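Reviewing the structure listed below.
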Amino acid sequence: MKKQGWMGGLVVVLACVLTAQVAGQELGAFRPPAVPLATVDPYMSVWSFSDTLYDSWPQHWTGTVQAMAGMIRVDGRAYRFMGPATVCAEAARQTGLEVYPTQTIYTFAAGPVELKVNFTTPMLPDELGLMASPVTYVRFAVRSMDNKTHNVSLYFDATGEWVVDKPEQKVTWRRMPQAVAGFEFVQMGSAQQPILEKSGDNLRIDWGHLYVGRQQLTGDRSVVGFADDCREAFVASGNIPEKDDTDMPRAANQRWPVIASVMTLPSVGEATVERIIVLSYDDFYSAEFMQQKLRPWWFKVYGSFRAMLEHALHEYPVIFKRCDAFDKELLTDARALGGEAYARLIALGYRHTLASGKIVVSPDGSAPWFMHKECFSNGCMTTVDVSYPACPFFALFSPALLNGMAAPVFEYAMTDDWTFEFAPHDIGTYPKGNGQAYGRDRRTNTLRLEGQMPVEECGNMILMTAAAARADGDMTLVKNYRGLLRQWAEYLKEKGLDPENQLCTDDFTGHLAHNTNLSLKAINALGAYGMLCEMLGDAGEAASYRQAAKQMAAQWETMAADGDHYRLTFDKPQTWSMKYNLVWDDLLGLGLFKPEVAQKEVAYYLKIQNAYGLPLDNRADFTKSDWLVWCATMAESKADFEKLIMPLYRFVNESPDRMPFSDWYFTSTAKVRGFRARPVIGGIFIRFLDDEKLWKKWVARADKP
């Protein structure tokens with residue numbers, strides 16, 4: 001057996017991916033709706049929206065082009081492997097695509113040579129500084145396929161579109177004065193540098209700097225030039241212009257300035273020859289909280305951007321091995337829990353979830369906060385009913401970050417801006433967490449009661465806090481904010497059993513009175529607060545809240561009963577809905593509801609689901625990806641779990657709408673109704689929490705800052 005490089009090992013170990021079977025049927029190749037390339041946070045988040053890497057330009061999650069171009073030249077003949085035909089007329093033939101939690105691997109045939117391109121973002125949960133680092137490695141592995149040697153060179157570029165919101169904005173560039181761990185870097189950024197000046201949904205970053213680095217090897221070099229000049233020169237001669245262009249600042253769309261690199265490989269034979277490009281982004285400040293600018297977490301860990309890069313580059317051989325091992329183990333666990341289709345969803349959802357937010361340093365400098373964005377919904381920041389569906393991911397891999405999603409909300413709830421007795425909905429509009437945006441009257445700058453989600457957000461905050469505490473036993477957050485938790489529990493005790501006409505997280509369906517699923521949230525949250533009191537050693541208060549929750553659960557079963565299932569609302573027979581909030585009764589060991597309640601619901605779901613999944617309720621045929629997996633997790637058997645998961649996998653694999661994993665789509669057509677790239681995809685990891693040993697295993701490895 002020939003010696004394998006850092007990419008070959010993973011391919012061999014996980015080769016079963018493409019031949020896996022579910023229920024006797026071969027899944028075939030996986031075709032994600034969008035493929036993660038450089039996915040770090042809501043601003044450094046670049047994907048391929050097409051079947052092959054050379055069908056279209058890479059794009060930001062919003063759909064705006066953030067171009068990269070890639071070519072390989074074999075014995076004087078150029079082929080493109082990334083970017084459309086304007087880069088180079090002839091494309092290498094894409095022969096493989098594999099998506100793993102931390103890596104995406106493309107395989108191409110370029111004449112007699114095989115090229116593997118691996119995009120690795122090292123989001124490893126056992127090292128929070130590395131997980132937070134804005135780094136993606138682009139790794140190239142080339143070998144001969146015809147037993148002959150070949151002259152090979154590689155080309156890579158990234159455009160100024162990466163550093164501006166609109167391509168009309170001007171950019172500047174310069175070289176990093178000194179190499180870092182054997183890598184030379186060129187940086188590019190906007191000329192204006194409006195740090196944290198904009199907030200909103202459909203935006204790209206226009207401050208900070210993109211860094212593109214390559215290894216210091218003889219014959220390899222980088223240049224800042226114009227896209228056509230660099231690409232055409234490589235196609236024609238294998239070279240690029242010798243000098244950086246100095247005509248700046250200039251608009252990103254004015255001849256498209258690029259950072260271009262050429263890597264010349266020695267004679268390539270059967271042994272694999274490898275090269276690395278490093279992409280990184282220094283944003284200086286990442287978010288605001290109550291007017292205070294917050295640094296990214298990696299800055300606290302390493303002290304400077306250069307030191308962060310030095311760690312990522314000195315350690316990269318070990319980091320690659322760690323990524324391989326992590327991906328293999330996580331997908332092995334996912335297959336054991338839910339089959340190959342579930343493993344593929346997990347692989348696609350891992351980087352997606354983390355890239356929906358930014359790990360920042362808390363205002364007092366003591367803790368990591370995860371500030372996420374409600375992408376293509378309304379752009380809200382750290383939205384509580386978005387944190388809630390995302391929380392299984394963080395309860396599994398990083399309870400510290402789960403607490404870091406809740407802490408900003410607790411802190412905001414204690415400010416003068418928040419005057420209600422229930423929990424807030426959000427803390428602002430990303431990346432400015434300066435006060436709740438949802439339901440705010442812009443004319444008077446006041447929050448309207450009718451725009452709030454009282455039962456929803458109180459239940460979410462308590463259940464998230466309980467999930468984090470159950471994960472690692474750390475009660476610091478509970479002790480710090482127990483007054484608010486008790487206040488919100490009291491609200492649920494009074495209002496939660498039969499909720500008034502109000503919004504829930506599924507607000508796109510409108511207000512709903514007597515919502516049975518919302519009632520389930522309130523009941524489980526009361527039980528969860530009792531669990532927290534017990535963990536604090538307060539037996540009396542624990543017993544009081546547990547008893548209240550138990551009584552409400554018994555009432556719920558009678559009030560919601562509708563034959564072979566339970567109703568959408570208490571007052572409307574012959575209706576139904578997903579009861580996804582019920583899942584926490586089992587996951588937290590609350591013991592509030594009889595097992596038959598979940599069993600009855602799951603049996604009903606299996607009868608009424610459509611080709612692409614179980615609808616949210618009887619009012620429409622759209623669904624939510626996160627809630628679907630929560631409902632499937634209530635199934636007692638792996639077989640029933642897989643029956644509910646397979647339609648979701650088919651949606652991901654067959655949807656005609658190309659965009660990062662959407663959580664709101666039609667179950668009859670697989671067309672997306674709305675939303676994309678949102679943190680709620682972290683909800684698909686909830687199945688792991690149903691296995692106590694697996695939950696404990698992954699939590700035990702989580703970095704504790």
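No value in this document is a laboratory result; all are computed from the given coordinates. As the structure is a computational prediction, the values presented were derived from the model and not from experiment. Here the Cβ is made from the backbone with ideal geometry for all residues, glycine too, and neighbour counts use every protein chain on show.
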Residues whose placed amide H lies under 5 Å from that of Leu616, excluding near-sequence neighbours: Phe622, Thr623, Lys624
Computed label-point distance, nm, for sites Thr419 and Glu494 using a 7 Å Cα→Cβ extension: 1.8 nm
Ranked by how many other beta carbons lie within 10 Å on average, peptides 673-679, 424-430, 361-367 from highest: 424-430, 673-679, 361-367
Computed E for Asn501/Glu315 - FRET, C-beta separation, R0 51 angstrom, nearest 0.05: 0.35
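Report, in order of residue number, the helices in the chain meeting two criteria: a C-alpha extent of 24 Å or more along the helix axis, and a mean Kyte-Doolittle hydropathy of at least -0.5; treat each whole DSSP H run as one helix.
Values: long enough: 316-354 (32 Å, 0.01); 454-472 (28 Å, 0.35); 516-535 (28 Å, 0.67); 539-560 (31 Å, -0.54).
The answer, listed by residue number, is 316-354, 454-472, 516-535.
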Candidate lysines - alpha carbon under 21 Å from Lys572, same-chain residues fewer than 8 apart omitted: Lys495, Lys521, Lys600, Lys607
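So for Asp691, Asp498, fewest C-beta neighbours within 10 Å to most, what's the order?
Numbers: Asp691 13, Asp498 19.
Ordered from fewest to most neighbouring Cβ atoms within 10 Å, Asp691, Asp498 come out as Asp691, Asp498.
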Modelled FRET efficiency - R0 60 Å, Phe284 with Ser544, Cβ distances, 0.05 increments: 0.75
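Could you give me D for the stretch 594-674, from Stokes-Einstein at 20 °C and 1.002 mPa s, where the hydrodynamic radius is the Kirkwood radius over C-alpha pairs? Units µm² s⁻¹, please. Mind dumping the intermediate values first?
Numbers: Rh = 12.6 Å.
Approximately 169 µm²/s, per Stokes-Einstein.
Would you please put 259-266, 93-100, 207-214 in order of how densely packed they are, using the mean number of other Cβ atoms within 10 angstrom per residue and starting with the highest?
Details: 259-266: 22.4, 93-100: 18.0, 207-214: 24.6.
Result, highest mean Cβ count within 10 Å first: 207-214, 259-266, 93-100.
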Label point distance in nm, Met145-Asp201, each placed 7 Å from Cα along Cα→Cβ: 4.4 nm
Of Lys293/Lys373; Lys358/Lys693; Lys358/Lys624; Lys328/Lys624; Lys166/Lys671, those spanning more than 22 Å from alpha-carbon to alpha-carbon: Lys358/Lys693; Lys358/Lys624; Lys328/Lys624; Lys166/Lys671
Cα centroid separation - the stretch 115-169 against the stretch 203-234, whole Å: 12 Å
For the chain, size of Cβ-based charge dipole, Lys and Arg +1, Asp and Glu -1, in debye: 1140 debye
Förster radius 45 Å - calculated FRET efficiency between Glu654 and Gln551, Cβ distance, rounded to 0.05: 0.45
Whole-angstrom gap from the stretch 414-432 to the stretch 622-658, using each part's C-alpha centre: 33 Å
Tensor-based shape of the stretch 8-305 (alpha-carbon gyration tensor, a/c under 1.5 rounded, otherwise prolate or oblate): oblate
Column: log10 I(q)/I(0), Debye, Cα scatterers of the chain, q = 0.11 Å⁻¹: -1.11
The stretch 584-598 versus the stretch 451-489: alpha-carbon centroid distance in Å: 19 Å
Mean separation of Cα contacts under 8 Å, 6 or more apart, over the residue count of the stretch 470-571: relative contact order %: 25 percent
Debye-sum result for the stretch 569-705 in log10 I(q)/I(0), which assumes one identical scatterer on each alpha carbon, at q = 0.14, 0.20 Å⁻¹: -0.68, -1.22
Unit charges at the beta carbon, dipole of the chain: most positive-side option, Pro32, Thr246, Tyr54: Thr246
Contact order relative to length of the stretch 8-305, as percent, for alpha carbon pairs under 8 angstrom and 6 or more apart: 17 percent
Hypothetical label at Ala29: residues of the stretch 104-135 whose amide nitrogen lies under 12 Å (7 Å Cα-Cβ projection): 106-109
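Residue separation times 0.36 nm, minus the C-alpha to C-alpha distance between Ala109 and Glu636: what's the value? Before the final figure, lay out each step's value.
Values: separation 527, 0.36 × 527 = 189.72 nm, distance 4.56 nm.
Extra length available between Ala109 and Glu636 comes to 185.2 nm.
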Gyration tensor verdict on the stretch 52-124 (Cα atoms; rounded if a/c is under 1.5, prolate if a/b is larger than b/c, oblate otherwise): oblate
Packing-based order for 403-410, 105-112, using average beta carbon neighbours within 10 Å, highest first: 403-410, 105-112
Spin-label model distance (nm) - Gln487 vs Met535, 7 Å beyond Cα toward Cβ: 2.2 nm
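Can you give me the relative contact order of the stretch 190-242 as a percent, contacts being Cα pairs under 8 Å and 6 or more apart?
About 24 percent, as a whole number.
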